[in-house]
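*Asks:* Dropping a structure here in structure tokens format, bear with me for questions.
The values are calculated or read from the model by the stated rules, or taken from the named source; none is laboratory data. Everything numeric here is computed off the predicted structure, so don't read it as measured data. Neighbour counts run over all protein chains shown; Cβ positions are idealised from the backbone, glycine included.
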């Protein structure tokens, strides 16, 4: 990636942006070759729900009485907006949904319906009935995942979490995993979550209250860890008769009665993980599970991507201005790395057995998916695409508690000499560091194998190699290559006795460093403007005009400062701004 576009952004950034991100405008900034790349990074895209209001947004679709129910109204995209909106547009029979919802809770009719929230993959509606009862309706978008499997698994998973694990999950009143019904869509009708979203009250909680909520989260994780299975995959009801599914056999220490009940009620079947169904993969004959061992699972990811790339990946012409990295655009480069991955993948799961137990883990426990009443968790929502997988590769600390910055547990000696802004920053850093450390200590006490997964030496080296193998073409090859380089680099530290079967030459490493420099520029660029624009181009309705103005000014300054071929290239790469 090219870093030669050096523009003094202090003159390019509008005043309101400079106030929000002072570090962004201090001195020159190397503009990455990214403005026309139409980044769509699944690793950074927020998928949690955005609660809607009476916002209006541009659409080319003819407005009707219920049009705002069908389309995405909670934000805009600066690029690739047509596709993004199409992926989230879902027409359905509103009257029939209201009738079914009312009937499911014993009411006569629905008298009010609002779009309560929408995320990247679903729309959530709140329906009030004539007798005051309330139901929540969840409609999946076209991009939510495989038809039937996604909804069938979500409902079964919610029931398992509620009745077997004892997690407070909304009760499902009725559902349909097919769209050839009177509603014209798959749907889930459920009870309303009790309490208040944690993200709405977190910042206002006192440290002792945050500590209590953290302990509640640890207890929630303890419940998820209490049951392990014989297979990896998604959970379904046995009566859904999912092809290839096996009885949900519990392997953890629990009563014979519970094991028997679960095996008769639930099955483990194909994973609804979106990586196995994305794009043309949905029609391919690939291994989606269930898997009886971890090796089969990690190998299936690499084989899936090789099969897809060989059949469907189309390289852009070298002259295409959207081409940023030569390797990213080369199918053979991806295949070569994936073949290296397949050589090391079996070794990545050579850890203590408890670290690769099949655990049903909710990996999207954002503050928007946790509801609380005071310091007590009252409901956990959004179980779509949650599946049972190897603990080491599935478990993540709850984002609202997790802290990846420098740990600071006490004030520096010169604290009183610092300005007020810096004091506030240090206090916040200490608070987050302290809570994160206490979370690990609490996990060690209540959930020792989870703490072990979090603190395993080079556990991240193992996990990221598997994680990034699944989307190098759709996301980026640099991160994936970096994980494999680290596998070779830390092979002995991983405790593996055999010689490492892969090798990167000095030239390979040199080329990678050049690519990585550009990749880091991209990350830095979007980190600096994260309050304004996300990596996939999403911005709020309120910020849309500001975001357009920012990129327009950026283009203007670039064209003023650059000359010759550099100016021509920059002009070509940023034409989308003026469209």
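Conditions (1) in contact with a helix residue (DSSP H, G or I) (Cβ under 9 Å, 6 or more places away or on another chain); (2) under 23 Å from residue 385 (Cα atoms); (3) assigned by the TED database to the domain that holds residue 223, marked per residue:
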residue	(1), (2), (3)
96	no, no, no
107	yes, no, no
112	no, no, no
117	no, yes, no
133	yes, no, no
139	yes, yes, no
156	yes, yes, no
161	yes, yes, no
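Residues checked against (1) crowded, with 17+ Cβ neighbours inside 10 Å; (2) in the same structural domain as residue 207 (by the TED database); (3) closer than 22 Å to residue 406 by Cβ; (4) modelled with pLDDT of 95 or more:
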position: 433; (1), (2), (3), (4): yes, yes, yes, yes
position: 439; (1), (2), (3), (4): yes, yes, yes, yes
position: 442; (1), (2), (3), (4): yes, yes, yes, yes
position: 476; (1), (2), (3), (4): yes, yes, no, no
position: 491; (1), (2), (3), (4): yes, yes, no, yes
position: 510; (1), (2), (3), (4): no, no, no, no
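*Asks:* Can you name every residue in the range 340-363 that is surrounded by 20 or more Cβ atoms within 10 Å (Cβ to Cβ) and farther than 19 Å from residue 483 by Cβ?
*Replies:* 357, 358, 359, 360, 361, 362
*Asks:* Looking at 103, 90, 108 in this structure, which one is buried (at least 18 other Cβ atoms within 10 Å of the Cβ) and touching a strand residue (DSSP E or B) at 6+ places or on another chain (Cβ under 9 Å)?
*Replies:* 90
*Asks:* Every residue in the range 76-87 that is within 21 Å of the chain's Cα centre (by Cα) and surrounded by fewer than 20 Cβ atoms within 10 Å (Cβ to Cβ), please.
*Replies:* Answer for the range 76-87, where residues must be within 21 Å of the chain's Cα centre (by Cα) and surrounded by fewer than 20 Cβ atoms within 10 Å (Cβ to Cβ): 80, 81, 83, 85, 86, 87.
*Asks:* Can you say whether residue 172 is within 23 Å of residue 136 (Cβ to Cβ) and without any contact (Cβ under 8 Å) to a residue 24 or more places away in the chain, as far as the supplied structure shows?
*Replies:* yes
*Asks:* Of everything in the range 246-278 that's part of a helix (DSSP H, G or I) and in contact (Cβ under 8 Å) with a residue 12 or more places away in the chain, which residue is nearest to residue 473 (Cα to Cα)?
*Replies:* By that ranking, first place goes to 275.
*Asks:* Moving on to the next point. Condition first: under 23 Å from residue 391 (Cβ atoms), assigned to a helix (DSSP H, G or I) and either touching a residue at least 24 places away in the same chain (Cβ under 8 Å) or in contact with a strand residue (DSSP E or B) (Cβ under 7 Å, 6 or more places away or on another chain) (or both). Can you find one or more residues in the range 471-479 that meet it?
*Replies:* For the range 471-479, residues under 23 Å from residue 391 (Cβ atoms), assigned to a helix (DSSP H, G or I) and either touching a residue at least 24 places away in the same chain (Cβ under 8 Å) or in contact with a strand residue (DSSP E or B) (Cβ under 7 Å, 6 or more places away or on another chain) (or both): present.
*Asks:* Given (1) in contact (Cβ under 8 Å) with a residue 60 or more places away in the chain; (2) over 29 Å from residue 352 (Cβ atoms); (3) touching a strand residue (DSSP E or B) at 6+ places or on another chain (Cβ under 6 Å), identify the lone condition not met by residue 291.
*Replies:* Among (1) in contact (Cβ under 8 Å) with a residue 60 or more places away in the chain; (2) over 29 Å from residue 352 (Cβ atoms); (3) touching a strand residue (DSSP E or B) at 6+ places or on another chain (Cβ under 6 Å), residue 291 violates only (2).
*Asks:* On the basis of being over 25 Å from residue 70 (Cα atoms) and either assigned to a helix (DSSP H, G or I) or touching a helix residue (DSSP H, G or I) at 6+ places or on another chain (Cβ under 6 Å) (or both), does residue 127 make the cut?
*Replies:* The answer is no for residue 127.
*Asks:* Sticking with this one: Taking the range 456-469, which residues are under 22 Å from the mean Cα position of the chain (by Cα) and either surrounded by fewer than 21 Cβ atoms within 10 Å (Cβ to Cβ) or more than 26 Å from residue 489 (Cα to Cα) (or both)?
*Replies:* 459, 460, 461, 463, 464, 467 - these are the residues of the range 456-469 that are under 22 Å from the mean Cα position of the chain (by Cα) and either surrounded by fewer than 21 Cβ atoms within 10 Å (Cβ to Cβ) or more than 26 Å from residue 489 (Cα to Cα) (or both).
*Asks:* Then there's this: Among (1) modelled with pLDDT under 95; (2) touching a helix residue (DSSP H, G or I) at 6+ places or on another chain (Cβ under 8 Å); (3) surrounded by fewer than 22 Cβ atoms within 10 Å (Cβ to Cβ), where does residue 396 come up short?
*Replies:* (2)
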